[in-house]
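Okay, structure first, notes after.
The values are calculated or read from the model by the stated rules, or taken from the named source; none is laboratory data. Given the structure is predicted, the values throughout are model-derived calculations rather than measurements. Neighbour counts run over all protein chains shown; Cβ positions are idealised from the backbone, glycine included.
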Amino acid sequence: MPEGQLTEEDLRNMSPEEIAELQRKNCVFCKIVRGGIPGKKVYEDEMILAILDINPASKGHTLVLPKEHYPLLPLLPLNLFNHLFTKTQQLIVAIEKATVNPGVTVFIANGAAAGQQSPHFLFHLIPRENLMDVGNLALPNKGWPQAETIAPLLQKQLTLLLKPYLARTGKLKPTPTYTPPQLPQTVTPPIASPTEIKPQPFLQPIPLTQPIIQEVEMNTQQKDPFDPLRLPELLETNQELRRMIIQQPDQMVQFIKNSPDLAKLFQDINVHKLSQKLSEYEQHPHEPKTQHSQTQKEKPTTKADLDKIGQLFP
Amino acid sequence: MNCPNCKPNGKTIYEDEESLILIPAVPACEGHIQVLSKEHKKLAELPSEKNQHLFHLANYAAASLFEILQAQGTNIIVHEGIEEHPAIHILSRKLDDGLNFQWEPKPSPPDEMDEVAQKIRDQIFPDADKAIEKKEPAPQEKIIQIEKQLEAVKDKIVDTPEKENYLLRQLERIP
């Protein structure tokens with residue numbers, strides 16, 4: 001059988017990798033990238049290529065494509081994605097000036113149902129004089145009666161999908177659910193260094209007052225006292241905080257909710273889990289920590305401390 | 001300002017400091033979502049990070065339609081420049097949805113295509129040609145002299161580019 005003549009059965013027997021390879025081999029745009037088919041190149045760098053569409057909707061109609069074969073937009077790696085859309089900004093300006101047009105329509109089709117005609121992801125930059133000059137590019141006006149009911153579902157799904165991306169780019173914020181009342185700033189807490197805090201008998205009830213953190217923190221170090229990385233250190237040195245977490249986790253959760261500072265310190269930490277671990281630790285200490293803390297408290301948070309806390313994360 | 005996209009009407013489904021995603025008050029069709037920059041600017045005028053962010057949001061907004069509306073495809077459309085503050089429109093598509101964005105091709109002769117391509121290339125690198133013209137060729141003698149000197153120190157040149165350039169510059173200063 002001559003090469004390139006594959007029966008349906010051959011295709012059925014192929015692995016997804018083999019099919020992808022076959023697509024690449026037969027892909028018109030991969031051939032253009034390799035130079036096997038000539039194209040009117042407008043821009044080229046190591047990652048992307050821009051060529052004129054051979055069936056243009058208007059003069060200067062340009063196709064922008066990654067050189068590597070990706071079938072759909074969501075499959076592009078992050079750096080390629082960013083590069084592609086940054087270069088698109090420059091291409092838009094260049095096309096507008098070159099064709100003396102006020103604008104360019106960016107048209108992306110994902111999937112054959114959306115009008116994608118080649119399995120090699122690409123999109124169109126179509127120079128426009130106005131919204132009417134190219135037929136069929138205007139938005140339809142069919143309406144969407146169920147929009148109202150679908151909106152919450154879409155919102156939920158979108159939040160889910162966006163989470164990894166936002167976390168990776170540092171844009172993820174804790175959802176603002178509760179606005180805490182402002183605590184009176186006039187009361188200056190008595191300043192006590194950690195060494196002055198006398199160990200109390202373990203089960204003695206302690207007065208439940210809001211913030212213990214400041215007292216210890218203000219006089220020990222200049223840096224942000226509520227840096228989450230300092231939590232392990234605080235748990236070591238601040239007996240009251242520790243006891244409170246162990247004995248009154250519910251109360252503690254309440255405090256954390258009410259104070260933005262505490263919320264920052266305890267971000268991503270499950271207080272109940274922490275409480276459980278600490279009380280287990282209190283009952284079966286692996287090493288005499290309390291004595292050590294007297295001499296170690298000047299040390300910054302160590303990697304081991306962080307790892308210890310890391311294990312408490314859900 | 002009377003820009004409809006500065007104070008958009010609709011149901012917001014995501015918002016951050018610089019952008020929002022919403023279902024417009026008058027959707028064009030099933031699964032119509034808009035991604036908007038809060039700045040009254042064209043995409044090409046935004047800093048590249050903001051532009052990237054908007055397209056990432058558009059990409060994820062499109063992805064959400066597959067699960068919720070069983071979309072079989074999605075379109076992302078921006079009327080950049082025709083609208084001063086363009087929205088990125090995302091539409092959910094199905095094979096039998098009756099929508100059609102296929103434009104009528106207006107083929108033009110090859111030489112006209114070449115001309116347009118050249119014009120766009122010129123706009124992308126407007127100073128490329130001038131930069132080449134400006135470079136004055138060094139006198140032949142000087143080149144030979146430098147080549148000789150280069151030959152002499154060839155072994156000593158470390159092959160990092162900065163070092164090489166530095167050495168070359170040093171050599172050029174020798175009369």
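Scanning the stretch A:112-134 for residues that are surrounded by fewer than 20 Cβ atoms within 10 Å (Cβ to Cβ), facing chain B (nearest Cβ under 7 Å) and farther than 25 Å from B:K119 by Cα returns A:A112, A:A113, A:G115.
Of all residues in the stretch B:93-128, which are touching a strand residue (DSSP E or B) at 6+ places or on another chain (Cβ under 7 Å), basic (K, R) and in a helix (DSSP H, G or I)? Spell out how you get there, then give the answer.
Of the residues in the stretch B:93-128, the ones touching a strand residue (DSSP E or B) at 6+ places or on another chain (Cβ under 7 Å) are B:93, B:99, B:101, B:113, B:116-117, B:120-121, B:124.
Among the residues that remain, those that are also basic (K, R) are: B:93, B:121.
Residue satisfying the conditions is B:R121 alone.
Per this entry, A:L75 is counted among residues that are out of contact with any Asp or Glu (no Cβ under 8 Å at 6 or more places or on another chain), surrounded by fewer than 18 Cβ atoms within 10 Å (Cβ to Cβ), more than 9 Å from chain B (Cβ to nearest Cβ) and closer than 30 Å to B:E67 by Cβ.
May I ask you to verify whether A:Q254 is without any contact (Cβ under 8 Å) to a residue 12 or more places away in the chain, surrounded by fewer than 19 Cβ atoms within 10 Å (Cβ to Cβ) and at negative phi? Before you say what the answer is, go through the steps one by one.
On the way: without any contact (Cβ under 8 Å) to a residue 12 or more places away in the chain: yes; surrounded by fewer than 19 Cβ atoms within 10 Å (Cβ to Cβ): yes; at negative phi: yes.
Here the answer is yes, as A:Q254 does meet what is asked.
Yes or no: the stretch A:19-32 includes at least one residue that is surrounded by 16 or more Cβ atoms within 10 Å (Cβ to Cβ), in contact (Cβ under 8 Å) with a residue 12 or more places away in the chain and touching a strand residue (DSSP E or B) at 6+ places or on another chain (Cβ under 7 Å). Taking every residue of the stretch A:19-32 in turn, at least one turns out to be surrounded by 16 or more Cβ atoms within 10 Å (Cβ to Cβ), in contact (Cβ under 8 Å) with a residue 12 or more places away in the chain and touching a strand residue (DSSP E or B) at 6+ places or on another chain (Cβ under 7 Å).
Filtering the stretch B:66-88 to residues that are of a type in the set (D, E) and within 7 Å of chain A (Cβ to nearest Cβ) leaves B:E67, B:E80.
Only one of B:L46, B:L91 is more than 7 Å from every other protein chain (Cβ to nearest Cβ) and either among the polar types (S, T, N, Q) or surrounded by 22 or more Cβ atoms within 10 Å (Cβ to Cβ) (or both); which? Walk me through it before giving the result.
On the way: B:L46 fails: either among the polar types (S, T, N, Q) or surrounded by 22 or more Cβ atoms within 10 Å (Cβ to Cβ) (or both).
Being more than 7 Å from every other protein chain (Cβ to nearest Cβ) and either among the polar types (S, T, N, Q) or surrounded by 22 or more Cβ atoms within 10 Å (Cβ to Cβ) (or both) holds for just one of B:L46, B:L91, which is B:L91.
Is it the case that some residue within the stretch A:14-29 is under 30 Å from B:F125 (Cα atoms) and either among the acidic types (D, E) or assigned to a loop (DSSP other than H, G, I, E, B) (or both)?
The initial filter retains those residues of the stretch A:14-29 that are under 30 Å from B:F125 (Cα atoms), namely A:27-29.
Narrowing the set further to residues that are either among the acidic types (D, E) or assigned to a loop (DSSP other than H, G, I, E, B) (or both) leaves A:27.
Looking for residues that are under 30 Å from B:F125 (Cα atoms) and either among the acidic types (D, E) or assigned to a loop (DSSP other than H, G, I, E, B) (or both), one finds at least one in the stretch A:14-29, hence yes.
Residues that are closer than 27 Å to B:E49 by Cβ and in a helix (DSSP H, G or I) do occur in the stretch A:51-73.
So in the stretch A:17-37, with the set limited to residues that are among the β-branched types (V, I, T) and under 22 Å from A:V64 (Cβ atoms), which one is modelled with the lowest pLDDT? Checking each candidate, the answer is A:I37. Report yes if some residue within the stretch A:62-69 is loosely packed, with under 15 Cβ neighbours inside 10 Å and more than 23 Å from B:K42 (Cα to Cα); otherwise report no. No - not one qualifying residue is present in the stretch A:62-69. The residue that is farthest from the other protein chains (Cβ to nearest Cβ), among those in the stretch A:14-49 that are under 20 Å from B:E115 (Cα atoms) and within 33 Å of the chain's Cα centre (by Cα), is A:L49. Number of residues in the stretch A:52-66 that are in contact with a strand residue (DSSP E or B) (Cβ under 8 Å, 6 or more places away or on another chain), within 8 Å of chain B (Cβ to nearest Cβ) and of a type in the set (V, I, T) equals 1.
Does A:A109 qualify as being assigned to a strand (DSSP E or B) and either under 28 Å from A:V64 (Cβ atoms) or of a type in the set (G, A, S) (or both)?
Criteria met by A:A109.
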